[in-house]
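Just so you know, all these numbers are worked out from the coordinates, no wet-lab data involved. Owing to the predicted nature of the structure, the values given are computational and were not obtained by experimental measurement. Note that we place each Cβ from the backbone using ideal geometry, even for glycine, and neighbour counts take in every protein chain shown.
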Amino acid sequence: MKNIILVISLSFLFSSCNQAEEKQAVSKKPNVLFILVDDLGYADLGIMGSEYYETPSIDNIAKTATVFTNGYAACTVCSPSRASLMTGQNPARHGITQFEGPRNSGQSWKERKRYTKLLPPEYRHHLDTNSVTLPEAFKEQGYKTFFAGKWHLGGKEQKSLPTDHGFDVNVGGNDSGGPRGGYFSPYKNDNLPNLPEEKGLNLSMKLANETSKFIEENKDNQFFAYLSFYAVHGGIQTTKEKWTKYRNKAEKMGIHENGFEMERVLPARKYQDNPVYAGLIEHVDDAISTVLKKLKDLGLDENTIVVFTSDNGGVTSGDNYSTNQLSLRGGKGYQWEGGTRVPFFIHIPWLKQNGAKIDVPVSGTDLYPTLLDLAGLPLKPEAHNDGVSLKPLLLGEKIADRPLYWHYPHYGNQGGEPSSIIRKGKWKLIYYWEDLRAELYNLDEDLGERNDLAKVHPEKAKELEVQLLTWLKSMNTHYAQVDPEWDEEAREKWLENQRTNNLPGREKQRKKMLDPNWQPNEDWWGSEIKN
């Protein structure tokens, strides 16, 4: 009996200490550093399985954080996912279902001559100013708020810059989806001044330096800093030094004769062997290292929550055809796991996490309520409608089981098809709007999504389809429509061109980039300063 009492007492004491430690940390109003890397794939980090890319600083975040192995972006492309991070809402609800840009819907899409069966719907092109955003929620509680990098949720004309949505400071954020002017100074960005002494400086390091400056200036305040890299979006660039390092590494690992294969629509990269992309990732890792060092040097690391994630999967097709997601099928723009599953780490300095892994499926929409909850701030359920706080999971408890949903009624530049998705437990159903068919996958047994079980388990497929369509109806969302003038023969010719011209063209470009004498231009995209 005494032994039993002792165990109960020790358990109670351990629980009480944890609660006291948590209350003490929250009473200090922790800072938040939110790191978002553009187009970074689930397998594009050493800690996530890559043997080619080198990311020691990011890996160290994961080793001291909680790693959500089933962490998802809210969409397979950037703007919708970024809006979901800001609002805690699914794209079907906030209305930004495609990346911001021209000729993405209706007749304007048709002018791009992809000859698709469906015409994608119209959608919202900037963040709604009526939405209460994540930075606004922190600002209401006295936090200083800072944004650096890629925004892509509207611009000055729409009155939808970061400073219109709760950020006190905006460095480099505008309506652009990529780095205008490239990755080396001078930059072509009205919100990012060029300094003579910074000529040739990598953009990721510039954004990190500005973030570090903000942190130092606000070391005595509570702050919410959002570091949103333009990298690793195309067009990809790096220095000669980093290209050489990774070209030689690819050679040492063994360069395959053929590096691409056809997916349903476009060629897809088969291996992680792109030395320019590897160098670009390392630039990001170097930049993150400087910000983390600043936190440590100022003694702020013990009271700063760090979030690390990406806005969608890595680019295996389209754009620069940069990477491969190893065990996952597809990448950015695709409806498969490679398009939406992303690195998803949350570091809480007052918890001993040590790289703990949680397999519960979670979404970028969850980060809004989670960060408020961790900071001891009031939640805003009327704002972050589709997100739930992950704090219970981080404390070793549970959250209610729930399905996750995606709605992308568009054709991706990377080969994705108009579709909607539900994931419920181990099951994932993809509903295609071209022909109203469904694919069903058991992710526990088939992470690569190669074995469609819709005909093997028709009852499960129908159950999930009904649940998905019911949810979509409740969102009052938009759908692609059949083009009454669709030319099926023209579409087949376009697809044949991908097989006969694009595929061999990609192979040729890959071999050039891996040639020891390759050089993109005279000054390596401006990274080499000529006197």
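The table for this structure:
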item	result
For peptides 417-430, 461-474, sequence by mean Cβ density within 10 Å, most packed first	417-430, 461-474
Scattering profile of the range 175-234 at q = 0.13, 0.17, 0.31 Å⁻¹ [log10 I(q)/I(0), Debye over alpha-carbon scatterers]	-0.37, -0.61, -1.37
Close Lys-Lys pairs in the range 394-484, where close means Cα under 13 Å and separation is 8 or more or interchain	4
Leu326 long-range amide H proximity, modeled H, under 5 Å	none
Extent along principal axes [Cα atoms of the range 162-285; Å; largest to smallest]	54, 34, 28
Whole-angstrom Cα spans of the range 28-179 along principal axes, big to small	51, 43, 27
Estimated inter-spin distance, Asp190 and Met262, nm [label 7 Å along Cα→Cβ]	4.5 nm
The range 234-269: chymotrypsin sites (Phe, Trp or Tyr not before Pro) falling in loop per DSSP and having at most 16 other Cβ within 10 Å	none
Ranked packing of 148-159, 178-189, most packed first, by mean Cβ within 10 Å	148-159, 178-189
FRET E, pair Asn501, Leu436, Förster distance 35 Å, beta-carbon r, rounded to 0.05	0.65
Rounded FRET efficiency, nearest 0.05, which uses the C-beta distance separating Glu197 from Gln519 and R0 of 25 Å	0.40
Size-normalised alpha-carbon gyration radius of the range 74-138, reference 2.2 N^0.38 Å	1.25
For the chain: relative contact order, % (alpha-carbon pairs under 8 angstrom, 6 or more apart)	23 percent
Distance in nm between pseudo-label sites at Leu395 and Lys270 (7 Å out along the Cβ direction from Cα)	5.1 nm
Geometric extent, Cα atoms of the chain - Rg, Dmax (angstrom)	23.1, 83
Two-site label geometry, Lys213 and Arg103: point separation in nm, points 7 Å out along Cα→Cβ	3.7 nm
R0 of 22 Å, Cβ-Cβ distance Thr290-Asn354: FRET efficiency to nearest 0.05	0.35
Residues of type aspartates and glutamates that Lys380 reaches as a straight line, Cα spacing below 19 Å, ignoring anything fewer than 8 places off in the same chain	Asp128, Glu136, Glu140, Asp366
Charge context of Phe308, other residues only, Cβ under 14 angstrom, K/R +1, D/E -1	-4
